[in-house]
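Rule-based calculations on the coordinates, nothing more; no lab input. Since we're looking at a predicted model, the values are computed, not measured. Every residue, glycine among them, receives a Cβ derived from its backbone with ideal geometry; neighbour counts consider all protein chains shown.
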Amino acid sequence: MCTLPQNDLAMTEHQPPAAVLRPKDYFFINCYWFGLTFLWNGLHTIILPAVLLEFVPEHHKATALGMMTFAGLILAMLIQPLSGALSDATTTPWGRRRPWIAVGAAGALLSLLAISLSESFLFLTISYVLLQCTSNLAHGPLQGLIPDLVPPARHGTASGAKNILDLAGFIAGAMTAGYFVDRGQSRLALAVIAGVLLTMLICTLLGVREPPARGEHLPLQQLLRRALRRAYYFDVRRYPAYAYLLAARFCILVGIYGVQSFGQYFIRDVLRSPNPAGATAGLMTTIGIGVALLVFPSGYLSDRLGRRWWNIIAAVLCGLGVLLLLRVQTMGDVYLAGAVLGAGLGSFLSVNWALATDLVPPEEAGKYLGLSNFATAGAGATARLAGPLVDVFNLRAAGAGYHALFMLSGVVILFGAFLIWWKVPETRSAGRLPAH
């Protein structure tokens with residue numbers, strides 16, 4: 001990536017985070033994450049795989065699901081750093097993050113309405129892509145709230161709180177969507193998702209104590225033009241540890257998303273579950289329970305014991321959970337593998353995000369944490385490319401496509417653990433690593 005002059009984009013004056021936070025502040029800073037996870041886990045894991053069967057042939061279902069979600073996630077990957085950079089440079093009396101969160105959430109609500117009215121695969125795809133665009137307009141600025149408002153020594157605790165809410169949304173979204181989809185009520189499931197998203201938006205807008213953003217005020221057109229020039233710039237030479245952390249995050253999440261994306265079809269085709277949506281919701285709940293046991297303790301302990309080895313151990317557990325799926329024969333076996341995966345994922349979600357907030361420059365936290373979406377949404381998009389592989393292998397032998405997917409996913413996750421061990425140093429809670 002090319003080097004840009006440091007003053008190319010007018011930045012707001014960075015406000016040091018307050019030294020004292022109330023317990024409820026951790027909730028308000030992170031509560032919109034509950035709405036987002038409720039939305040995406042219910043939609044990606046339960047609703048879309050079921051609804052697509054109305055529009056595409058049986059033997060093309062994994063390919064159609066993979067290609068549609070791939071397109072949306074690529075756009076998400078591009079939009080999130082841009083919206084983060086825009087919020088970094090925004091000056092309003094309401095702060096620099098909340099105005100963009102509000103605009104993006106409003107667009108997401110309208111996009112959910114469009115999805116509920118879809119009568120064809122084309123209209124469904126367009127509505128889904130619009131949802132990715134609007135949701136990620138809010139997602140980028142949302143990521144900047146922790147480094148803006150939480151002292152570095154409490155990033156692990158704040159990340160733990162974030163991931164408790166992520167976890168609650170993960171479980172509730174899957175269970176709610178599974179309940180309604182098994183009863184043929186996909187539109188009602190989408191209405192519930194919209195209601196939850198709106199509620200969490202109101203909590204964030206009213207509960208976050210974001211100070212007014214000071215700095216040079218720019219018209220929106222000029223702000224957007226300059227943000228576009230800078231949003232995707234990553235100073236790799238100055239922040240190499242963060243670059244390697246994102247590479248590792250990509251590898252670990254691509255393996256997990258592969259299982260999440262096609263899990264409902266695996267349960268339907270291989271285990272012959274009569275209620276695959278409900279069974280998939282049960283699997284997501286099992287994973288969520290595993291996450292619940294470790295998500296907050298991991299973030300809290302990483303503030304005191306360090307983050308690097310927590311990341312490595314968590315990634316190894318995730319890889320083991322995925323590889324266990326190669327041996328499953330019953331739903332009980334699936335739930336056991338899900339519990340192992342959930343335990344690893346719970347630790348990983350907290351300590352990996354805490355490590356990321358340690359490594360990003362505070363004055364550009366929104367942009368750099370937005371760039372993490374190249375790893376997160378990029379992993380989700382890449383995992384969806386496995387759809388044609390699953391369909392092709394399944395045509396050769398029943399279930400072969402899913403076993404190939406699980407093997408590849410497990411190996412890639414373990415490679416991500418190796419990258420952290422090899423290239424990412426410890427930060428602990430004492431402060432940020434030197435820039436060089």
Exercise. Among Leu283, Leu345, Leu305, which one moves the most in a GNM of the chain with springs linking Cα atoms closer than 10 Å?
Worked result: Leu305
Seminar exercise, completed: At the level of C-alpha centres, the distance separating segment 75-135 and segment 377-431, in angstrom, is 27
Exercise. Quick one: what Rg and Dmax do you get for segment 296-436 from the alpha carbons, in Å?
Worked result: 17.4, 55
Seminar exercise, completed: Tilt, helix 276-305 to longest principal axis of the chain (alpha-carbon atoms), in degrees rounded to tens, equals 30
Exercise. Order of Trp94, Trp100, Trp40 from fewest to most other C-beta atoms within 10 Å?
Worked result: Trp94, Trp40, Trp100
Exercise. Suppose R0 equals 22 Å; then what is the FRET efficiency for Trp422 and Ile313 from their Cβ-Cβ distance, rounded to the nearest 0.05?
Worked result: 0.90
For this session: May I ask you to sort Met175, Met284 by Cβ crowding, counting other Cβ atoms within 10 Å and putting the fewest first?
Result: Met175, Met284
Exercise. Pairs of lysine in the chain with Cα under 28 Å and at least 8 positions apart or on different chains: total?
Worked result: 5
Seminar exercise, completed: Counting only DSSP loop positions in segment 249-278, the trypsin sites (Lys or Arg not before Pro) whose Cβ has at most 11 other Cβ atoms within 10 Å are Arg272
Problem set entry | Degrees separating the helix 23-41 axis from the principal Cα axis of the chain, which is the longest one | 40
Exercise. Angle, helix 386-396 long axis vs. longest principal axis of the chain, Cα atoms, 0 to 90°, nearest 10?
Worked result: 10
